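K.L.:
Take this structure, written in C-alpha cells, and hold onto it; I'll ask about it next.
The values are calculated or read from the model by the stated rules, or taken from the named source; none is laboratory data. Values in this document were obtained by computation on a predicted structure and should not be read as measured data. Virtual Cβ from ideal backbone geometry, glycine too; neighbours counted across all protein chains shown.
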Amino acid sequence: MRESHRLRIAIQKSGRLAEKTIALLVKCGLDFELRRDRLLHECKEFPVDLMLVRDDDIPAYVADGVCDLGIVGDNVIRERQVQKTNAIETVMPLGFGTCRLALAVPVAMECRSAADLAGKRIATSYPNCLRQYLKQVGVDAKIVELSGAVEIAPSLQIADAICDLVSSGATLRENGLRPVEVLFESQAVLIRSARALPPAMALDYARLLQRMNGVLQAAQAKYIMMNAPREALERIQEIIPGMEQPSVIPLGTDGSHIAIHAVARENVFWETIEKLKAVGASAILVLPIEKVIA
C-alpha cells in the first residue's frame with residue numbers, strides 16, 4: 001500500500017478529456033509542470049500529485065488504492081464495472097466530456113430500435129455495457145468486440161450495426177450511419193477510493209472538493225447588472241433564470257429608477273436580454289464569474 005501524506009489523482013494522459021481536466025485543476029489553484037515522459041507530477045501549491053495514465057486504467061488504480069481520486073468518463077466506469085465491487089465512489093459529475101453510448105446502423109437499413117437487431121452482429125468497444133443492455137431489453141444479438149474504428153465495421157461487413165460513443169454525431173454521418181437508440185448518457189466524473197483517508201488527507205480532500213464545486217458552480221453562473229424602472233423589478237426577477245435575491249440600488253432623487261445587481265445560476269441568452277429590454281431594463285451588463293463559494 002502506498003505511504004504518502006499527499007493526495008494522488010489519476011487522470012487521462014492525453015486527449016480532449018485530459019485538457020479539460022487540467023484546465024479544471026488549474027482553475028482550482030493547482031499548478032503542474034507536465035511532462036509526457038513522466039508518470040507522476042507534483043503540485044507545489046497544494047499537497048496533490050497527478051498520475052497520467054490510460055483512461056481505461058483509472059478506475060482500477062482508484063479501486064486498488066494506488067490513487068485516492070480519479071477523473072474519468074462515466075462510460076469507462078460502466079464498462080469496467082468497478083463500482084459493482086464497492087471499491088470506488090462517484091463523487092460528482094464535472095460537466096465536460098459529455099457524450100452518449102448509442103446503437104447506430106447504416107442509413108439505408110430498416111431498423112427503428114434495438115429489437116430490430118435481433119440475430120444481427122453489433123460491433124463495439126463496450127461489450128459489457130452492450131451485453132447488459134441487450135439482456136435488459138431481451139434482444140439476442142452477436143457482439144463483435146473491436147478495440148477501435150468501430151464505425152467502419154458495417155462498411156467492411158464485419159457487423160450489421162455498431163454500439164459506440166457519440167458526441168456531435170459527425171463521425172456517424174461521415175460513415176453513413178444513423179443512431180437508433182441511446183444506452184446511456186456520459187460525462188467526466190470525479191471518483192474516489194472507498195477507503196477512508198487519513199485525517200490530514202481528508203482535510204485536503206475537503207478543501208479540493210470545495211474548490212471544484214466553486215469552479216463548477218461558476219461555469220454556468222453569470223453576474224448581471226442593469227438599470228430599470230422600479231416597477232419592473234418583479235418582472236425582471238421572473239425573466240432571469242435562477243436569479244438570487246438581487247441587490248437594488250436607488251438611482252436619482254425620486255427613486256423611480258434602480259440599479260440591479262444579481263447572480264444568475266443559469267446561462268443568460270440573447271433572448272433573455274431581449275426580454276429584459278422589453279420590460280424597460282437598460283445598460284445591461286453580463287459578466288462571467290470565476291468562482292462561487294457558498
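K.L.:
Restricting attention to the range 154-190, report how many residues are touching a strand residue (DSSP E or B) at 6+ places or on another chain (Cβ under 9 Å), outside any loop (DSSP other than H, G, I, E, B) and not small (G, A, S).
P.N.:
Residues flagged as touching a strand residue (DSSP E or B) at 6+ places or on another chain (Cβ under 9 Å), outside any loop (DSSP other than H, G, I, E, B) and not small (G, A, S) within the range 154-190 amount to 18.
K.L.:
Can you find even one residue in the range 220-233 that is aromatic (F, W, Y) and in a helix (DSSP H, G or I)? Spell out the reasoning first.
P.N.:
Of the residues in the range 220-233, the ones aromatic (F, W, Y) are 223.
When the remaining residues are screened for being in a helix (DSSP H, G or I), the result is none.
No, the range 220-233 has no match at all.
K.L.:
Also, I was wondering about something else. How many of the residues in the range 171-203 are more than 20 Å from the chain's Cα centre (by Cα) and more than 20 Å from I58 (Cβ to Cβ)? Steps first, please.
P.N.:
Step one: filter the range 171-203 for residues more than 20 Å from the chain's Cα centre (by Cα), giving 171-181, 194-203.
When the remaining residues are screened for being more than 20 Å from I58 (Cβ to Cβ), the result is 171-181, 196, 198-200, 202-203.
Looking only at that region, the number is 17.
K.L.:
Of all residues in the range 42-61, count the ones that are outside any loop (DSSP other than H, G, I, E, B) and under 25 Å from R131 (Cα atoms). Talk me through it step by step, then tell me what you get.
P.N.:
Step one: filter the range 42-61 for residues outside any loop (DSSP other than H, G, I, E, B), giving 42, 48-53, 55-61.
Checking which are under 25 Å from R131 (Cα atoms) leaves us with 55-61.
Within the range 42-61, residues that are outside any loop (DSSP other than H, G, I, E, B) and under 25 Å from R131 (Cα atoms) number 7.
Rundown of residues vs (1) in contact with a helix residue (DSSP H, G or I) (Cβ under 8 Å, 6 or more places away or on another chain); (2) within 18 Å of G95 (Cα to Cα), yes/no style:
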residue	(1), (2)
A200	no, no
Q210	no, yes
Q217	no, yes
A221	no, yes
N227	no, no
R230	no, no
L233	no, no
I236	yes, no
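K.L.:
Could you please let me know if D49 is crowded, with 16+ Cβ neighbours inside 10 Å, under 26 Å from R173 (Cα atoms), outside the structural domain of S155 (by TED's automatic domain parsing) and touching a residue at least 24 places away in the same chain (Cβ under 8 Å)?
P.N.:
On the way: crowded, with 16+ Cβ neighbours inside 10 Å: yes; under 26 Å from R173 (Cα atoms): no; outside the structural domain of S155 (by TED's automatic domain parsing): yes; touching a residue at least 24 places away in the same chain (Cβ under 8 Å): yes.
When the stated conditions are applied, D49 does not pass them.
K.L.:
Please go through (1) at pLDDT 90 or above; (2) under 30 Å from S113 (Cα atoms); (3) surrounded by fewer than 16 Cβ atoms within 10 Å (Cβ to Cβ) for V166 and return the number of the only condition it doesn't satisfy.
P.N.:
(3)
K.L.:
When both residues are 6+ apart or on different chains and their Cβ atoms are under 9 Å apart, which pairs have a first residue that lies in the range 159-186 and is farther than 21 Å from N128 by Cβ, and a second that is part of a strand (DSSP E or B) and of a type in the set (F, W, Y)?
P.N.:
none
K.L.:
Which of the following residues is assigned by TED's automatic domain parsing to the domain that holds G176, in contact (Cβ under 8 Å) with a residue 24 or more places away in the chain and in contact with a Leu (Cβ under 7 Å, 6 or more places away or on another chain): V105, V91? Let's see the steps before the verdict.
P.N.:
Details: V91 fails: assigned by TED's automatic domain parsing to the domain that holds G176.
Testing whether each residue is assigned by TED's automatic domain parsing to the domain that holds G176, in contact (Cβ under 8 Å) with a residue 24 or more places away in the chain and in contact with a Leu (Cβ under 7 Å, 6 or more places away or on another chain) leaves just V105.
K.L.:
Sticking with this one: Looking only at strands (runs of 3 or more DSSP E) that lie completely in the range 235-294, which have at least 1 residues being on the phi > 0 side of the Ramachandran plot and loosely packed, with under 11 Cβ neighbours inside 10 Å?
P.N.:
Details: elements: 247-251, 257-264, 282-288.
Once the strands (runs of 3 or more DSSP E) in the range 235-294 are filtered for at least 1 residues that are on the phi > 0 side of the Ramachandran plot and loosely packed, with under 11 Cβ neighbours inside 10 Å, what remains is 282-288.
K.L.:
One residue is enough: does the range 2-15 have a residue meeting the conditions among the basic types (K, R), within 26 Å of S125 (Cα to Cα) and surrounded by 12 or more Cβ atoms within 10 Å (Cβ to Cβ)? Can you show your working first?
P.N.:
Step one: filter the range 2-15 for residues among the basic types (K, R), giving 2, 6, 8, 13.
With the extra rule that they be within 26 Å of S125 (Cα to Cα), the set shrinks to 13.
Narrowing further to those that are surrounded by 12 or more Cβ atoms within 10 Å (Cβ to Cβ): 13.
Among the residues of the range 2-15, at least one is among the basic types (K, R), within 26 Å of S125 (Cα to Cα) and surrounded by 12 or more Cβ atoms within 10 Å (Cβ to Cβ), which makes the answer yes.
K.L.:
Moving on. I'd like to check which strands (runs of 3 or more DSSP E) are fully inside the range 92-153 and have at least 2 residues that are under 24 Å from the mean Cα position of the chain (by Cα), of a type outside the set (G, A, S) and within 16 Å of E185 (Cβ to Cβ). Walk me through how you get there before you give the answer.
P.N.:
Values: elements: 99-106, 121-124, 142-145.
Filter on the range 92-153 gives 99-106.
K.L.:
Taking L208, is it in contact with a Cys (Cβ under 8 Å, 6 or more places away or on another chain) and not in a strand (DSSP E or B)?
P.N.:
Details: in contact with a Cys (Cβ under 8 Å, 6 or more places away or on another chain): yes; not in a strand (DSSP E or B): yes.
Yes, satisfied.
K.L.:
Sticking with this one: With respect to R36, is the statement that it is more than 24 Å from S147 (Cβ to Cβ) and in a loop (DSSP other than H, G, I, E, B) true? I'd like the intermediate steps shown before the answer.
P.N.:
Details: more than 24 Å from S147 (Cβ to Cβ): no; in a loop (DSSP other than H, G, I, E, B): yes.
The answer is no for R36.
K.L.:
Take the range 191-205 and flag every residue that is in a helix (DSSP H, G or I) and surrounded by 16 or more Cβ atoms within 10 Å (Cβ to Cβ).
P.N.:
Kept after step one, since they are in a helix (DSSP H, G or I), are these residues of the range 191-205: 199-205.
Once the filter is applied, which keeps residues that are in a helix (DSSP H, G or I) and surrounded by 16 or more Cβ atoms within 10 Å (Cβ to Cβ), the range 191-205 yields M201, D204, Y205.
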